[in-house]
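Student: There's a structure below that I have some questions on.
The values are calculated or read from the model by the stated rules, or taken from the named source; none is laboratory data. This one's a predicted model, so the numbers in the text were calculated from it and none came from an experiment. In this analysis, Cβ positions are derived from the backbone assuming ideal geometry, glycine residues included, and neighbour counts consider all displayed protein chains.
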Amino acid sequence: MDMIQKFASLGIVPVIKLNDPADAVPLCRALARGGLPVAEITFRTAAAEESIRRVAAELPEVLVGAGTVLTVEQADKAMAAGAKFIVTPGFNPEVVGHCVEKGYPIFPGCPTTSDIEQAIRFGLKVVKFFPAEAMGGLNTIKAVSAPYGDMLFMPTGGVNEDNLNTYLSFPKIVACGGSWMAKSDLIEAGEFDKIEEITRSAVRKMLGFELVHVGVNCGSPEEAASVAKKFSALFGWPVKEGNSSDFAGKAIEAMKKPGRGKNGHIAVATNSVVRARAYLEAQGFAFDESSLSLKNGKPNAIYLAEEIGGFAIHLLQK
């Protein structure tokens, strides 16, 4: 998986300012436990280089990068410390050219069409859009991105849990950068459990898990029709007959012959099957790759490898 795909699977890149390198590992461990094994540690403080070095050495599962890189010297320090990517607030041709020459992933700030065209000249496919909200937010991104069909964006600056999904709903946005889950006061107070909790809340809001329906395995079309009619009689849900199943409303699907799962299946919708899968795999869950289905070339549904309570569980793209 390349860097762009990795960012896309995560959806959020925490932007971190550290004053003490001793906080780097416990902070990144909390972010990873919350569902975001990634951190952009900014060169706004003298602690950045050592912080990156410690995370790279002790938490190889965390994708650590360097942000607010202003000079070639800082870029080299970040690379030597173990940073896997470089982010700059603006477009500095010297820094960008240096990283491109070394084959190092760099995501420069490009809030204007002129910046974007410079990025294209250097062969870049993804740029940072900063400061996102101050520059007009999603409407501006849509406007400036229109002439550049293949360019993708990572908005940062003013992105938070409330507007995150608005940004991510635009196909040209690969991920968003944000600092709200790891504020300085929480870091300095050592409240890493709180940071983990905020991170998990952000990830789950991004994923938007929602129970869609329960599929009940029946032994015959007649039994499926009977089950659907009973739920309709109970709750007034209209029956809709189908080729392989009958629905009672939208919540109950009565299968005309046994399908996946001992008892049936449970469908959970999400804003992104790709991101939901990455999140759940990081939590230790496995998926049945053979069950993956696509819609318009993108993942639309996939089943977990294991059953829960006799039910197969599958994710479904909203």
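Student: Give the residue, chosen from T88, T68, that is polar (S, T, N, Q), under 21 Å from I116 (Cα atoms) and in contact with a Lys or Arg (Cβ under 7 Å, 6 or more places away or on another chain).
Tutor: Working: T88 fails: in contact with a Lys or Arg (Cβ under 7 Å, 6 or more places away or on another chain).
Only one candidate qualifies: T68.
Student: Follow-up. How do the pairs read when you match residues in the range 50-62 that are surrounded by fewer than 19 Cβ atoms within 10 Å (Cβ to Cβ) with residues anywhere that are polar (S, T, N, Q) and not in a helix (DSSP H, G or I), using Cβ under 9 Å and keeping only pairs 6 or more apart or on different chains?
Tutor: none
Student: Considering only residues that are among the small types (G, A, S), touching a Leu at 6+ places or on another chain (Cβ under 8 Å) and over 18 Å from E188 (Cα atoms), which ones fall in the range 26-49? First the steps, then the outcome.
Tutor: First pass over the range 26-49, keeping only residues among the small types (G, A, S): 30, 32, 34-35, 39, 46-48.
Narrowing further to those that are touching a Leu at 6+ places or on another chain (Cβ under 8 Å): 32, 39, 47-48.
Correct list: A32 only.
Condition check ((1) surrounded by 15 or more Cβ atoms within 10 Å (Cβ to Cβ); (2) in contact with a Pro (Cβ under 9 Å, 6 or more places away or on another chain)) across all residues:
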site	(1), (2)
M135	yes, yes
D150	no, no
T156	yes, yes
V159	yes, no
K183	yes, no
D193	no, no
G219	no, yes
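Student: From the list F287, F247, exactly one residue is farther than 27 Å from M206 by Cα, modelled with pLDDT of 95 or more, touching a helix residue (DSSP H, G or I) at 6+ places or on another chain (Cβ under 9 Å) and not basic (K, R). Which is it? Please lay out each step first, then the result.
Tutor: On the way: F287 fails: farther than 27 Å from M206 by Cα.
Selected residue: F247, the only one of F287, F247 that is farther than 27 Å from M206 by Cα, modelled with pLDDT of 95 or more, touching a helix residue (DSSP H, G or I) at 6+ places or on another chain (Cβ under 9 Å) and not basic (K, R).
Student: Report, ordered by the first and then the second residue, all pairs with beta carbons closer than 9 Å, sequence separation of six or more or different chains, a first member in the range 1-16 that is in the same structural domain as K84 (by TED's automatic domain parsing) and closer than 13 Å to G67 by Cβ, and a second member that is of a type in the set (D, E, K, R) and surrounded by 19 or more Cβ atoms within 10 Å (Cβ to Cβ).
Tutor: Every condition considered, the pairs that remain are V13/E40; P14/E40; V15/E40; I16/E40.
Table: residues versus (1) part of a strand (DSSP E or B); (2) in contact (Cβ under 8 Å) with a residue 40 or more places away in the chain.
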| position | (1), (2) |
| --- | --- |
| G190 | no, yes |
| M206 | no, yes |
| E222 | no, no |
| K230 | no, no |
| D246 | yes, no |
| P258 | no, yes |
| A269 | yes, yes |
